[in-house]
1. Kindly indicate the residue of segment 50-64 that is in contact with a Phe, Trp or Tyr (Cβ under 7 Å, 6 or more places away or on another chain) and surrounded by fewer than 24 Cβ atoms within 10 Å (Cβ to Cβ) and also farthest from D128 (Cα to Cα) among those meeting that condition.
2. Under 6 Å between Cβ atoms, at least 6 apart or on separate chains: pull out the pairs that start in segment 77-98 with a residue that is without any contact (Cβ under 8 Å) to a residue 40 or more places away in the chain and among the hydrophobic types (A, V, I, L, M, F, W, C) and end on any residue that is open to solvent by 30 Å² or more (accessible area, probe 1.4 Å) and not in a strand (DSSP E or B).
3. I'm trying to understand the selection: among the residues of segment 6-39, which are surrounded by fewer than 15 Cβ atoms within 10 Å (Cβ to Cβ), assigned to a helix (DSSP H, G or I) and modelled with pLDDT of 95 or more?
4. How many of the residues in segment 94-113 are open to solvent by 20 Å² or more (accessible area, probe 1.4 Å) and hydrophobic (A, V, I, L, M, F, W, C)?
5. A116 versus (1) open to solvent by less than 90 Å² (accessible area, probe 1.4 Å); (2) at pLDDT 95 or above; (3) touching a strand residue (DSSP E or B) at 6+ places or on another chain (Cβ under 9 Å): which is the lone unmet condition?
Amino acid sequence: MDFTIRAVRPEEYEELGELTGQTYLDDGLLLHGADDFYLDVLKDTARRAREAEVLVAVDADGRIIGGVTFAPGSTPWADIAVTGEAEFRMLVVSPAARGRGVGEALVRACADRARAVPECARLVLSTDAKMVAAHRIYERMGFVRTPERDWEPVPDHRLRTYALEF
C-alpha cells in the first residue's frame, strides 16, 4: 500500500471536510446540490471527531486521499447501528486515488475497530443506490444486503443497508 490509515488530526479537519463535501457534491449524492443541508454536516469534521472516530487515508506525501466516520451502535453518529453493532458513514475517496484500494482499506479499518468493540456482532452501513462501485466492494468483503433495514433519512431518498457479521 502506498497510503496509511490513521486517525484524523485537528489540523486536517477542514481538508477532510472539504474532500467529503466535494465528493458528495461531485458524485451527485446530495438531493439539493450545494444548497443541501447535509453538506454542512459532511464538512463538519471537528464535530464528527468529537463525537465519533474519524479515520483518514493519507498518501506518502501526507495528503488526505480518503476518510470515513466510525461509530459504535447507539451513539450519536450511528444512524442504524444499535447496541451490539457498529456503523461507518461518510466513506469518501478522492477521485485521483480511486481504484487503489483506499476505500476497501478504510472499510477494513472500521471492521477491525468494530471487532474490538465488546459484544459487537456486526458492522452496518447505509448507502445510496447510485454507489454501485461501493456496493461491489462491500459485497466482495462479505457484507450482505439487509433490505428490511433500508430507510429514508429524508422523504423520497431511500438508502440501502448492508451488514457484515462477525
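The values are calculated or read from the model by the stated rules, or taken from the named source; none is laboratory data. Remember, it's a predicted structure, so these values are computed and weren't measured experimentally. Note that each Cβ is placed from the backbone with ideal geometry, even for glycine, and that neighbours are counted across all protein chains shown. The accessibility values were calculated without ligands, DNA or RNA, using every heavy atom of the protein model including side chains. Shrake-Rupley method; radii C 1.70, N 1.55, O 1.52, S 1.80 Å.
1. Within segment 50-64, the match that is farthest from D128 (Cα to Cα) is D59.
2. Listed by first residue and then by second, the contacts come to W77/E51; V82/S74; A86/V117.
3. P10, E11, E14, E18, D26, A34, D35
4. Residues that pass the stated criteria total 1.
5. All conditions pass for A116, except number (3).
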